[in-house]
1. Cβ contacts < 8 Å: first residue within 29 Å of GLN352 (Cβ to Cβ) and free of Cβ contacts under 8 Å to residues at least 40 places away in the same chain, restricted to segment 201-229; second residue open to solvent by 70 Å² or more (accessible area, probe 1.4 Å) and among the β-branched types (Val, Ile, Thr), any location; separation 6+ or different chain. Result?
2. If you go through segment 181-191 one residue at a time, do you hit one that is closer than 14 Å to TRP117 by Cβ, open to solvent by 40 Å² or more (accessible area, probe 1.4 Å) and without any contact (Cβ under 8 Å) to a residue 60 or more places away in the chain?
3. Which residues, taken from segment 122-153, are farther than 27 Å from PRO290 by Cα and either touching a strand residue (DSSP E or B) at 6+ places or on another chain (Cβ under 6 Å) or open to solvent by less than 90 Å² (accessible area, probe 1.4 Å) (or both)?
4. Test VAL304 against the stated conditions and say whether it is touching a Gly at 6+ places or on another chain (Cβ under 9 Å), closer than 21 Å to TYR357 by Cα and of a type in the set (Val, Ile, Thr).
5. Within segment 65-79, track down each residue that is touching a Phe, Trp or Tyr at 6+ places or on another chain (Cβ under 7 Å), in a strand (DSSP E or B) and either hydrophobic (A, V, I, L, M, F, W, C) or more than 18 Å from MET37 (Cβ to Cβ) (or both).
6. Please verify whether segment 57-64 includes one or more residues that are open to solvent by 40 Å² or more (accessible area, probe 1.4 Å), part of a strand (DSSP E or B) and in contact (Cβ under 8 Å) with a residue 60 or more places away in the chain.
7. For VAL118, only one of the following conditions fails: (1) under 30 Å from GLU223 (Cα atoms); (2) in contact with a Ser or Thr (Cβ under 8 Å, 6 or more places away or on another chain); (3) open to solvent by less than 30 Å² (accessible area, probe 1.4 Å). What is its number?
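The values are calculated or read from the model by the stated rules, or taken from the named source; none is laboratory data. Because the structure is a prediction, the values reported are computed rather than measured. Cβ coordinates were reconstructed from backbone atoms using ideal geometry, including for glycine residues, and neighbour counts include every protein chain displayed. Heads up: the accessible areas ignore ligands, DNA and RNA and are worked out on the full protein's heavy atoms, side chains in. Shrake-Rupley method; radii C 1.70, N 1.55, O 1.52, S 1.80 Å.
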Amino acid sequence: MRSRTLRASCALAALALASAAPARADLRLPSVLGDHMVLQRETDAALWGWADPGEAIEVRPSWSETSVRARAGVDGRWRASVRTPGAGGPHTIAVRVIGGAGGDEIVLEDVLVGEVWVCSGQSNMEWSIDASRPGSVAVDEYLRVIRAELPEVRLFDVARAFAPAPLDDCEGAWRACTTENVRKFSAVAFWFGKRVHAEVGVPVGLIGSNWGGTLAEAWTSEETLDGISDFEEGLATVRTARDRPEVLEASHRRELEGWWSALGQRDPGSADGWQFPDVDDADWDAMDLPREWQGTELEGFDGVAWFRRAVELPAEWVGAELTLDLGPIDDMDTCWFNGERVGGMETAGHWQTPRSYTV
């Protein structure tokens, strides 16, 4: 098995996958405005969305006897400011097109009002409840200890998405904090929200917008970086991805093909067929697996590493379909069994994905 990391330029291919803004519907809200959401208390909260250009929009929250109106611009966007009450709920918010058809209305259910926090950052913020569980503690016991059944704490996890320009919307949905819903959510955000909820005694909304290993520049606007010479090349690539994605796709394809074709010369394992059973590995170092590379001779290494393991299988397994479970591998891998390739994840972004291959 080999784990390898491609040069950073290869990650640019993902930029070409960014999609344009969704097509405007008659009436649409962003995903962050949905059932089970939390709004900040005692403030002028912004509600927004899309409709047909020129249409009048009415926003009617259940806590108020009056409604708020807005009008969609030529681009279909509208925005309204709604005064929120003190902490509490659940409430409803009805959004409708004035004079529209029966389907031109959206009613948001189970809306709470309290504290809303954006939980953003890199791997320390992204690290989930599941990932933070001590290996010696069973999942059921750990979930019981953290006491995550908190109906007034709501979670919104922003799905990862590459984009060469700011997006109008994101993937995600508000969910109540339960032992099951919190497992893939940020551990730092959960413990923070749980404490705020206990000490302040109001509903808490947690928006997890985080991505481990990202550079600060990826979170910085193009306008801020523009004019700084160090970022000229990177910004030019981003603009190409936005305006001419087919050019970037072709460039990346050539680069990736070149990398693979040169691997046989650069990597002795690929050149000498280390995947075959008869390779003499008597002088190979030993490593206990699974484990992270930190604290080993591979700490700080970035490239191709090979691992081999000999196993003896019962005779009655001959002809049976077997499964090889390797756990997550950071960040790419190719796996052989008796010299035959049985699987691999050879694209970026799967560093937390468990590997399970059929033999």
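1. Pairs that qualify, where the first residue is within 29 Å of GLN352 (Cβ to Cβ) and free of Cβ contacts under 8 Å to residues at least 40 places away in the same chain and the partner is open to solvent by 70 Å² or more (accessible area, probe 1.4 Å) and among the β-branched types (Val, Ile, Thr): there are none.
2. Within segment 181-191, the subset closer than 14 Å to TRP117 by Cβ is 185-186, 188-191.
Subset that is open to solvent by 40 Å² or more (accessible area, probe 1.4 Å): 188, 191.
Add one more test, that the residue is without any contact (Cβ under 8 Å) to a residue 60 or more places away in the chain, and what stays is 191.
There is at least one residue in segment 181-191 that is closer than 14 Å to TRP117 by Cβ, open to solvent by 40 Å² or more (accessible area, probe 1.4 Å) and without any contact (Cβ under 8 Å) to a residue 60 or more places away in the chain.
3. Scanning segment 122-153 gives ALA148, LEU150, PRO151, GLU152, VAL153.
4. Answer is yes for this residue.
5. ALA70, ARG71, ARG77, TRP78
6. no
7. The single condition VAL118 does not satisfy is (3).
Results for (1) in contact with a Leu (Cβ under 9 Å, 6 or more places away or on another chain); (2) among the hydroxyl-bearing types (Ser, Thr, Tyr); (3) at pLDDT 90 or above, shown as yes or no for each residue.
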{"residue": "TRP211", "(1), (2), (3)": "no, no, yes"}
{"residue": "LEU225", "(1), (2), (3)": "yes, no, yes"}
{"residue": "PHE231", "(1), (2), (3)": "yes, no, yes"}
{"residue": "SER251", "(1), (2), (3)": "yes, yes, no"}
